[in-house]
Amino acid sequence: MIDGGYPGSAPMILKSIATLGFAIKDVKILLNSHAHLDHAGGLAALQQASGAQLWVSEADADMMASGGASNRNMAPVNLLVYLGLLKYPSPRIDHQFQDGEQIRLGPIQLTAHLTPGHTPGCTTWSFPVRDGNRELLAVNVGGLTLPMPASLFDWSYDAVTKQDFEQTFKTLRSLPADIYLTPHARAFSLKRKLQERATAHDPVAPFLDRAGYLEDIGKAEAAFRKTLQEQQKQ
């Protein structure tokens, strides 16, 4: 399972797993896209319910272990964490992974691609899926926006964050993504694609969206360049 939603999301996730005909104990590995409240908040509860091992990127491990605080956060963000507004229950970290590491469970294999910027250890996951005779690559993009909630404060890219985003755009463009996913369903138009699948001759076709994948990377990079340009004028 990738991500655990907010701290209050765990009961809904547990119910959804049961509705799909699975038991929470069937979940053996928990993964994370990045260590923000809305993606890591429910991991502790899901870990307790499942007994699963949690794998976290080495660069986000300190943030995860502290429930959202990090020495790479802006001071106002850490303050909000310490005040409890952005803090979440700290899960047990069983393993830390690095860029390019592969995680296997039976026939399933996922590859971790570090795509930092949104957080220091923000991770994009890729994994092969088979549709009949076709083998496709699904890519779940970890995050491409400013570090939360940078837009609320007078914040500028530091040298490390600039370098992180530059590398992230390069990494994502290098992945031969067939199926484009993100932790936020709206970002990759899941509702529209599900509607199209209902009437499509090939139910997989609406999800074959490399064009949308590259378009969103381009939009994120354009926003990044625009912000940099505005900051250089100040």
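The values are calculated or read from the model by the stated rules, or taken from the named source; none is laboratory data. Owing to the predicted nature of the structure, the values given are computational and were not obtained by experimental measurement. Counting neighbours? That spans all protein chains shown, and the Cβs are built from the backbone with ideal geometry, glycine included.
A compact table of results
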read-out	value
Failed criterion for LYS87 (all others in (1) closer than 30 Å to GLN167 by Cα; (2) surrounded by fewer than 17 Cβ atoms within 10 Å (Cβ to Cβ); (3) among the basic types (Lys, Arg) hold)	(2)
Residue within region 32-42 that is surrounded by 15 or more Cβ atoms within 10 Å (Cβ to Cβ), at pLDDT 95 or above and not in a loop (DSSP other than H, G, I, E, B) present	yes
Single unsatisfied condition, ILE24 versus (1) of a type outside the set (Lys, Arg); (2) surrounded by fewer than 21 Cβ atoms within 10 Å (Cβ to Cβ); (3) out of contact with any Leu (no Cβ under 7 Å at 6 or more places or on another chain)	(3)
From GLY117, GLY143, GLY121, residue being on the phi > 0 side of the Ramachandran plot, touching a helix residue (DSSP H, G or I) at 6+ places or on another chain (Cβ under 7 Å) and in contact (Cβ under 8 Å) with a residue 24 or more places away in the chain	GLY117
Which listed residue, of GLU230, GLU215, GLU196, GLU221, is surrounded by 13 or more Cβ atoms within 10 Å (Cβ to Cβ), among the acidic types (Asp, Glu) and without any contact (Cβ under 8 Å) to a residue 24 or more places away in the chain	GLU196
Residue list for region 106-118, restricted to those being at pLDDT 95 or above and over 14 Å from the mean Cα position of the chain (by Cα)	GLN109
First in region 55-71 and touching a residue at least 12 places away in the same chain (Cβ under 8 Å) and on the phi > 0 side of the Ramachandran plot, second anywhere and surrounded by fewer than 24 Cβ atoms within 10 Å (Cβ to Cβ) and hydroxyl-bearing (Ser, Thr, Tyr), Cβ under 8 Å, 6 or more apart	GLY67/SER90
Number of positions in region 97-141 that are part of a strand (DSSP E or B) and surrounded by 16 or more Cβ atoms within 10 Å (Cβ to Cβ)	16
Candidate set from region 54-64 (those that are over 14 Å from the mean Cα position of the chain (by Cα) and among the charged types (D, E, K, R)); member that is surrounded by the most Cβ atoms within 10 Å (Cβ to Cβ)	ASP62
Positions within region 168-187 being over 20 Å from ASP131 (Cα atoms) and either surrounded by 13 or more Cβ atoms within 10 Å (Cβ to Cβ) or touching a residue at least 60 places away in the same chain (Cβ under 8 Å) (or both), in sequence order	THR168, PHE169, THR171, LEU172, ARG173, THR182, PRO183, HIS184, ALA187
Residues of region 188-210 classified as assigned to a helix (DSSP H, G or I) and in contact with a strand residue (DSSP E or B) (Cβ under 9 Å, 6 or more places away or on another chain), total	4
Members of region 65-84 that are surrounded by fewer than 18 Cβ atoms within 10 Å (Cβ to Cβ), of a type outside the set (Phe, Trp, Tyr) and modelled with pLDDT of 70 or more	ALA65, LEU79, LEU83, GLY84
